[in-house]
Structure formats: C-alpha cells, structure tokens
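To keep things clear, I will list the structure first and then write my remarks on it.
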Amino acid sequence: MAEKELLAAKSAKFAALLEDNSKEDLSHFLRNMPADPETLELVARFYHGFQLQISTEKVVPLICVAHYLEMTENHSKNNLLGQALSFFQETILPSWNETVKAFRTTEKFLRHSLKLGLVEACMKSIITKALANPSLLGEPIKNSTKYVDDSEEEDEGYKPSARRRLFDLDFKSEDLTTLSLELYEPVIHEMNKHGVPSPYVAASLCNYTKKWVLSGSGEAVKSNYKKEILEAVERHLPPEKGLVPCTLLFEILRFANVLEVSSECRNGIEIRIGKQLDQAAVKDLLIPSQGYSKEMQYDIVCVRRILKVFYGSYTSSDISGLIAVAELIEDFLAEVASDIDLNIDTFVDLAEMSLAASLGTQRTLDGIYRAVDIYLDKHRHLTESEREEVCRVLDFQKVSPEAYEHAAKNEKLPLRVVVQVLFAGQLQLRDRILKEVQDSDDKSTKEEAEENEEKLDFGEEEMRSEMEKMSMKVMELERECNMMRKEIDNGGSPKVRKEKTSLWREMKRKFGCVNSVHDSNCQLKKKKKKKMHPKQGV
C-alpha cells in the first residue's frame, strides 16, 4: 500500500485510479506504460525520493513515462516530467551529438515520441545545425569528374574555418548513419527541403548505403530492408551530376539488380550513371546478368540503356568526354566479344554507338577492329554473310598502319573485307603521295615527289582500271570458291579438298594475305612499315 501511495503522490493518473478503486490490481496498468525495465527503475527511484541523474539515452523514455503517468507540476512540485523536459531542452537540443543520440532512442517509443513532439524537436535541431555546419554530415566524396559547374565551387564556403578546426580537433560528430531508415529518411527529406548543401547530403546518403547495404557489416540485415534502403537513397539523392563517383554508382546498381528494386529506382541509378559515364572504367560496365537476361554473361542491355542516357544528356562543347566513352565501349566490346551467347545485332549495335561518338575526330578505330577480331575468333560457326555483317562496322580508312597490316593477313575476315582492306591501302598510299606533292614548297622536294609518283605506274584513270580488274578477279575467285564448297558438300575426295585448300592459299597469296596461324592473333604488334610498291597492293 505504501508503494501505491508514493506513486499516487507523484502521478495524477495513478492517484485517480486508486481513488476509484483502492484495491484494484494495477499490474496491467504498469505493463501498458511505454518504458523498459531500466526506465521503470528510474521512475521508482524518483518517487522514493532519490535524486535522478538523467542521461541522454534515458531522457526520451523518461519523458514518455512521465507524460503517461501525468507526473506534472500541477500534481506535484518539481515533478519528473518537468525535470526531464528541462534536461531535454537545455542539454540535448543545443548539442548535435546529444540530439542524434536522443533521436535514436525515439525509435523504441515512436508513437509516444511523435505525439509529444520529441521527434520533430530533434529533427529541427539536427537540420538547423546541418545548415550552419554541413560538414557534420561528413565531407563530400571526392570525384574525378572533369565537367563541374562553376556553381559547385561555392561548396568551399561550407568548410569549417581554420580556427574552428583548431578547436574541434578532438570533436567527432555523431553519425546519422546509425539511425534506422524510419528515422533517417525523414531527416534527409527535410534537409533537401531546407537547402542543406547537396554534396553533404549525398555524402551522408552514400555512407548510409555503404554501412547498411554494401559493406560486410550489413550482412545481418534482411534483403527486404536493404531493398527499402536503396530505394530510399535513390529517391532522396540530389540530382546534380558528379556528387557520387561513377564506380560507387555502378556498385549500387549491381546490388539493386540482385535485390530486385523497383524499376523507378533502377532507372534512376542508370540515369545518374549515364550522365557521368565518361568517368567509368571497363570493369564498371561488367554487370552480371540477372533474371531474364541470364543467357548472356553480362547485362549488355543495361549498358546500352546507360549509353543512350549519356549521348542524350551530353551538352559539353569539349568532345573529350565523347572520345572517352567511345574508347570505353571499345574496351568493353573486347571484354564481352568472347561471350558465345552475344548475338551479332547486339555486338554491332554497341560498336555503332562507339563509332557515332568518334565522328569528326582524328582518332583511330583500332579498338573496334580488335573487338571484331576477337568476336570472329570466338564465333567460328558464323557463315560468310554473318561475318560480313559483323565486319560492317569496320572502316579501314581510320585504322593505324599496324591494324591495317594485321587485317590484310587476317584469315578470319571474309574475302570481301580483305579486298576492302587492300583497296583502302592503295587509296591511303595515293593520298599520302598527293599530299606530299601539294604540301611541298621546295622545288627539289616536288621533283622527288613527282619522281616517286611516276614510279607508281598508274594515274587516277589507271587506278580506276586496276580496281575494275580487281573486282573482276574477286568475282571470279568467289565463283571458284562456291564451286569448291559445293564439291566438298557433295563429299569431295581428299584430293579435291587438298586442291581447294591450295587454291585458297593461292588466292590469299595473290592478295598478300598468306600468313602463319600465329600471326592472326588479335595482338596489334607494332612492326616497321614495309615500303610496298603500289602494284603489290593489286
């Protein structure tokens, strides 16, 4: 009875219950209180007259219990609710660290904390301090983005002054990433709403993702919760380009695919990647296939979507970004060309996107040739017409002399493509000689160039005549090849096959294409340029 009287002296609610029924069992009443055993013990010590030492971790549950029991000043002077609220307002809210700690405890008593305004008070305190000193959220993530708007330089103003850093050497701010998503998401939403600088908000979101999704420490977190985190992070990530490194975005995308996030979330990540694709590396593009696309080793369709975003959003007058992406796709094609399930249409589509980015530039297309060579080597089952379809992305007017030399001896290329290589070589030789003549101001140099030109034994008309003869030869050789193929298909004798092979080698010899198997590997080794008499190209 004494216990009830002590509690009734401090609690208006308890006193009212005892007044209605002094013998009522109040155990069910105590069980409904929003408190853990440690908090109830503190309340018991208080109504027994002991002086309480309120801590940051206990102030929120004490406020909730005191409010539930109506331990107000109207019922008893210097009561628990008044003491706890004073501590909350005077000690907790002025401090970033104490506010974050107290805010974290509201999760266990969220319904009562919301009702009492404790959650709103903590959020206001956190946002106000973040506006005054955004570095409390963590320093912005360094990015190697080449194309940064001048407005982003204003972020320098948010760095703490030298004097502040001097006095804050031992200060370590409480990390918002320790909050549950239920508390963290509304805080980030309000920060974006009130204009906390985007680089710091992005840094906090990235750190939150690393902690709960990407790192090993998040292994115990359920997949559904990780999925919710990624969708929330993408939803609140500021839209500015370059806030998050491209490599990190690709890592987030891989987890997003595995966790099967919503299409809105996945599209949002892909768009962010596409806007800064020129900062990516080849390994970033090697995204494992998921779901319906598992027949291929890598998710080529996803890469194609990202490419379209890049080309659609690129507005810089500096073409170095376009060239960087063209080279990136060439290297990517070389990586995936060995995938036996990569179909011709997809390969050609990606190659054409890379070519489109190279229009108007002086760069060579050796990377495309290398990828084609690997593709033909790993897809030996292709027919002649299919190999010609793969090779239609080649332009031998834009390859290096080393690539040209390799192509002229490449037995994997279709016959028509080999002829194109030889024609291109003749045209390049002719153009070089004409340029030497036109650019030479020295008379002796002109005479020497004219002498070299005379040694070619053909003018422009003769060149056209030689091309026509070459075309007739090609058509004749193709007819012979078709006849030999038919004989082989009809069960030709070893002798016939031997004659066919010899004729094929003779045909290749005529075009200067006979070479050992080892020389056909796709390793564009640098060799000394051989001076070739023009007629040797015919």
Taking only the alpha-carbon positions of region 1-132 and ignoring solvent, what does the Debye formula give for the base-10 log of I(q)/I(0) at q = 0.19 Å⁻¹? -1.04
Sequence of LEU355, LEU114 from largest to smallest accessible area, 1.4 Å probe: LEU114, LEU355
From the cross-link list LYS227/LYS308; LYS101/LYS129; LYS10/LYS77; LYS172/LYS210; LYS275/LYS308, the entries with a Cα-Cα span beyond 18 Å are LYS227/LYS308; LYS172/LYS210
Considering only C-alpha atoms, what is the centroid distance from region 29-94 to region 227-245, in Å? 39
From phi via Karplus (6.51, -1.76, 1.60), per-residue ³J(HN,Hα) for region 382-394 in Hz, x at Gly/Pro: 5, 6, 4, 5, 5, 5, 5, 5, 5, 7, 5, 8, 8
Ranked packing of 226-234, 124-132, most packed first, by mean Cβ within 10 Å: 226-234, 124-132
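Per residue, how many Å² of accessible area does region 1-132 show with a 1.4 Å probe? Present the calculation step by step, with values, prior to reporting the outcome.
Values: 7020 Å² over 132 residues.
Result: 53 Å² per residue.
Given a 1.4 angstrom probe, I'd like the percentage of the accessible area of region 1-132 that is carbon and sulfur, rounded to a whole number.
That fraction is 52 percent.
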Rounded to one decimal in nm, the spacing of the 7 Å Cα→Cβ label points at GLU73 and ALA16 is 2.1
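The values are calculated or read from the model by the stated rules, or taken from the named source; none is laboratory data. Bear in mind the structure is a predicted one, so any value in this text is a computation, not a measurement. Neighbour counts run over all protein chains shown; Cβ positions are idealised from the backbone, glycine included. Surface areas here come from the heavy atoms of the whole protein model, side chains and all, with no ligands, DNA or RNA. Shrake-Rupley method; radii C 1.70, N 1.55, O 1.52, S 1.80 Å.
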